[in-house]
Every structure is written in structure tokens, then in C-alpha cells.
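As C-alpha cells, the structure follows; a few thoughts come after it.
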């Protein structure tokens with residue numbers, strides 16, 4: 001029997017992507033939503049009770065309120081998968097990035113409360129986790145994270161902005177150094193220092209690159225580019241959706257590393273660019289900010305929670 005799916009906020013950027021992907025999923029049925037009644041508490045409670053899985057594609061405050069309504073249903077509560085930032089550092093919620101370790105994957109199995117990761121934090125966490133969990137990088141290193149995303153990550157307002165004739169071609173933001181994805185990067189890597197995170201947006205709709213530059217002197221052990229490459233490959237050797245690229249893979253003939261190669265997929269590439277003469281390297285992750293960075297990750301988590309093949313529909 002197919003599982004009933006309620007997408008709360010299905011007209012938003014992430015909600016539309018979740019809907020589009022789930023149409024192709026063989027084991028689920030998307031429940032129709034009466035938009036005129038969507039904000040009615042009794043109607044929402046009814047939809048939650050009828051669903052097996054509910055995706056929250058809502059602002060933080062609305063997600064928190066809806067999760068509380070679901071809690072009132074007790075045993076009749078559906079699996080809640082929250083795409084907002086509201087529950088990503090809540091220890092009572094599973095974090096929807098199973099590639100970070102077996103404990104993350106086990107937590108998702110049969111979980112009823114899942115916080116889907118942010119796009120930037122997904123890109124940063126998959127870089128930092130192998131280094132920190134192996135003890136090769138300390139948790140008190142002053143990490144710097146640079147990132148560029150397509151403008152769809154800003155939702156409908158930013159998509160509209162980039163349709164204006166006089167829009168900026170590129171800009172940095174988050175210049176108060178308090179981006180909303182920082183808490184989950186700190187929490188899931190147990191960092192002692194807040195990273196300097198510099199996000200930016202370019203004039204392309206989807207795709208992103210997250211980059212972490214590192215000096216060899218910051219590592220606890222003597223390293224070179226090959227050792228870091230091997231560590232990354234071994235950590236993600238069993239991952240269905242994460243691939244660690246070889247040195248020149250994924251780079252154009254002109255030597256460019258572009259952010260939109262994986263648009264429309266749930267895949268994520270990791271590349272290690274090093275210079276052993278300078279004792280430096282940059283580790284980059286590349287993903288679709290609306291795929292593995294949002295809707296795809298949420299559906300992957302649903303598959304694991306329901307005991308399906310994690311690649312179904314993806």
C-alpha cells in the first residue's frame with residue numbers, strides 16, 4: 001500500500017521540488033491540499049493525521065507550530081520531515097544527512113522527527129566530518145567557509161529579483177557573520193570556534209559550491225594532498241549520492257570548476273585541490289542547492305525512515 005504524503009507549503013521553492021520528485025516515487029501518494037484551508041489549524045491537524053509522512057516546507061515559526069500540532073496526535077502522528085532551520089540542532093530530531101556516519105543513518109531508520117539539512121551546511125559538513133571524526137583536524141581550528149549558490153536558494157523573492165533588468169550579477173551577503181546555517185555546522189562537528197562563513201549568490205538559478213581552504217600546519221598529523229584525497233574517498237566509499245572526484249575530474253577544458261553540473265540530481269561531488277609545495281589545499285563540495293541541498297535530501301531521509309531503498313524517486 002502506498003504511503004500518504006502531505007506537503008505543507010507545497011507552493012514554495014522547496015515544496016514544489018519535493019512534489020515534482022515524489023510524483024515519480026513508486027511507493028507514495030501525494031495528498032491534495034485545499035490551499036484556502038491550509039492555515040486552518042483543525043484542517044492541518046486532519047491532514048497530519050491522515051498522512052504517513054508530512055514534509056514541512058515552511059518558515060521556522062510555522063514549522064515549530066506545525067510540529068507541535070503533530071505531537072498532539074501522539075501515536076497517530078506522521079513522520080515529520082522539516083526543511084526549515086528550526087530543528088537542525090535539536091537532539092530529539094534526526095539530522096537528514098546519513099552520509100555523515102552510521103550513527104546518523106541509524107538515527108533516521110524508523111525516525112518520526114527528521115530535520116533536513118541546509119544546503120550550505122550540507123556542503124560544509126561533508127567536508128569537515130571526515131577530517132574531524134578521524135582526529136586529523138582539531139575542533140578548535142579557525143575554519144573558513146566560502147560558498148556560492150544559485151539564486152533559487154533565496155526563494156521566490158530572490159528569484160523575482162534576478163528577473164529584474166538591473167539586478168546585480170553577483171553579491172556576497174551574510175556580512176554580519178551570523179548566517180542561519182552556522183549553528184548546524186558548529187553543532188554537528190562540535191566546533192569550538194565559530195567558522196567565518198562567507199556565502200554569495202551568482203546569476204544562475206541552481207547549483208552551488210562550498211569551499212574550505214586549509215593549511216597543512218592546521219592538521220594534527222603530517223599530511224599531503226594524496227592523504228586527504230584517500231581519506232575522503234574511504235569515508236564516502238559506500239555512499240550512493242556522494243562521490244569524491246579525482247584530481248582533474250569535473251573541471252572544464254579551461255580549468256574551471258563550475259557550480260551547476262549536478263542540477264536536477266541528488267548527487268554531491270567532493271574535490272580536493274592541493275599544492276604540496278605551498279602546504280595548502282582547498283576542499284570543495286558541489287551540489288544542487290534544491291536537490292541534495294533541500295528536496296532530494298528530504299526524500300532520501302523519508303526513504304530511509306520508511307525502510308525503502310534510499311535511492312527511490314531520486
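Observations on the model:
- Of all residues in the stretch 251-278 being surrounded by fewer than 16 Cβ atoms within 10 Å (Cβ to Cβ) and touching a helix residue (DSSP H, G or I) at 6+ places or on another chain (Cβ under 6 Å), the one that is nearest to residue 88 (Cα to Cα): 265
- Test: residue in the stretch 36-53 that is modelled with pLDDT of 95 or more, part of a loop (DSSP other than H, G, I, E, B), loosely packed, with under 14 Cβ neighbours inside 10 Å and not assigned by TED's automatic domain parsing to the domain that holds residue 132: no
- Boolean, residue 127 is touching a residue at least 40 places away in the same chain (Cβ under 8 Å) and within 22 Å of residue 7 (Cβ to Cβ): no
- Counting only strands (runs of 3 or more DSSP E) wholly contained in the stretch 187-276, the ones carrying 1 or more residues that are farther than 23 Å from residue 122 by Cβ occupy 208-215, 268-275.
- Residues located in the stretch 172-186, provided they are surrounded by 13 or more Cβ atoms within 10 Å (Cβ to Cβ) and not in a loop (DSSP other than H, G, I, E, B): 182, 183, 184, 185, 186
- Candidates 140, 110: the one that is touching a residue at least 60 places away in the same chain (Cβ under 8 Å), over 29 Å from residue 206 (Cα atoms) and in a loop (DSSP other than H, G, I, E, B) is 110.
- All positions within the stretch 223-233 that are surrounded by fewer than 16 Cβ atoms within 10 Å (Cβ to Cβ) and in contact with a helix residue (DSSP H, G or I) (Cβ under 8 Å, 6 or more places away or on another chain): 224
- Hey, residue 152 surrounded by 21 or more Cβ atoms within 10 Å (Cβ to Cβ), assigned by TED's automatic domain parsing to the domain that holds residue 274 and at pLDDT below 95 or not: yes
- Condition met for residue 90 (loosely packed, with under 15 Cβ neighbours inside 10 Å, within 20 Å of the chain's Cα centre (by Cα) and either in a loop (DSSP other than H, G, I, E, B) or assigned by TED's automatic domain parsing to the domain that holds residue 190 (or both)): yes
- Residue 20 vs. criteria under 24 Å from the mean Cα position of the chain (by Cα) and closer than 30 Å to residue 186 by Cβ: no
- Failed item, numbered, when residue 162 is tested on (1) at pLDDT 95 or above; (2) surrounded by 15 or more Cβ atoms within 10 Å (Cβ to Cβ): (1)
The values are calculated or read from the model by the stated rules, or taken from the named source; none is laboratory data. All values reported here derive from a predicted model rather than from experimental measurement. Don't worry about glycine lacking a Cβ; one is built from the backbone with ideal geometry, like all the others, and counts go over all protein chains shown.
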